[in-house]
1. State which residue pairs qualify: first residue of a type in the set (K, R) and inside the stretch 77-89, second residue open to solvent by 50 Å² or more (accessible area, probe 1.4 Å) in any location, beta carbons under 7 Å apart, and separation of 6 or more residues or different chains.
2. Among (1) open to solvent by less than 50 Å² (accessible area, probe 1.4 Å); (2) out of contact with any strand residue (DSSP E or B) (no Cβ under 7 Å at 6 or more places or on another chain), where does V92 come up short?
3. Among the listed residues N61, N46, which satisfies the condition of being of a type outside the set (A, V, I, L, M, F, W, C) and over 24 Å from P161 (Cβ atoms)?
4. For Y106, which of the numbered conditions (1) among the hydroxyl-bearing types (S, T, Y); (2) in a strand (DSSP E or B); (3) out of contact with any Phe, Trp or Tyr (no Cβ under 8 Å at 6 or more places or on another chain); (4) more than 18 Å from K53 (Cα to Cα) fails to hold?
5. Name the pairs whose Cβ atoms lie under 7 Å apart, with the first residue in the stretch 119-137 and free of Cβ contacts under 8 Å to residues at least 24 places away in the same chain, the second surrounded by fewer than 13 Cβ atoms within 10 Å (Cβ to Cβ), and 6 or more positions between them or separate chains?
6. Evaluate the stretch 107-125: report whether one residue or more is within 24 Å of S59 (Cα to Cα) and aromatic (F, W, Y).
7. Collect the residues in the stretch 72-95 that are closer than 19 Å to D146 by Cβ and outside any strand (DSSP E or B), keeping them in residue-number order.
8. Sort out which residues of the stretch 74-89 are at pLDDT below 95 and either open to solvent by less than 30 Å² (accessible area, probe 1.4 Å) or touching a Leu at 6+ places or on another chain (Cβ under 6 Å) (or both), and write them in order of number.
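The values are calculated or read from the model by the stated rules, or taken from the named source; none is laboratory data. Nothing here was measured: the structure is a model prediction, and the numbers come from that model. Note: ideal-geometry Cβ built from the backbone for every residue, glycine included; neighbour counts use all protein chains shown. Just the protein is used for accessible areas: all its heavy atoms, side chains included, with ligands, DNA and RNA removed. Shrake-Rupley method; radii C 1.70, N 1.55, O 1.52, S 1.80 Å.
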Amino acid sequence: MKRFLLMLCAAILALGLAACQSGGPSVEDFGLAGTWMTKFEPEQENGGTLETKGEINFSGNTYKYSWFKKLIAEDGSIVYDWSETARETGSVSVSSDYMEWTANSYGTAEYNKGTKSWSPVNMKSTTNDYAIYYTLEGDKLTIKEDYNLDGDFDDVIGGLPETAVYTKEK
């Protein structure tokens, strides 16, 4: 009997590993493929208004998350228009209401006050894992991530809310 249980456990483990190696379900299987965009609350900065938006692109079992900024002076003129200021890329595993992102690269751009422009994003290797709960209703994707691990999704950390609603880009 012990031998049978051992063989059964080995078979289940082998099937589980084979399923993981085949890549498992992709974002396409859950209707998440494509580009999703959100705008965050504007902030006052240096006498102007700083607007920030996030863009997530899902394809296969990968993601690319980019952050963009736009600074509007007090007089309404544009100091700099939408510029990519940070980017993260990695793999994603997904189920019906939960995603796990594993980052493999992250980068930021530097702002040059003299030219009033941003440098290209300088990417570096990284390894970070993120537990993300989500709901998908039509072209609205709500993402919830407990950044500060306090058990809720209602905080704003570094200007980014723990809960954000993204709209699918056409």
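1. From residues that are of a type in the set (K, R), the pairs are R87/K64; R87/M123.
2. (2)
3. Numbers: N46 fails: over 24 Å from P161 (Cβ atoms).
Unique residue meeting the criteria: N61.
4. Just one mismatch for Y106, condition (4).
5. Sorted first by the residue in the stretch 119-137, then by its partner, the pairs are S119/E110; S119/N112.
6. No, the stretch 107-125 has no match at all.
7. If the condition is that a residue be closer than 19 Å to D146 by Cβ and outside any strand (DSSP E or B), then S95 is the only one that fits.
8. Answer for the stretch 74-89, where residues must be at pLDDT below 95 and either open to solvent by less than 30 Å² (accessible area, probe 1.4 Å) or touching a Leu at 6+ places or on another chain (Cβ under 6 Å) (or both): V79, Y80.
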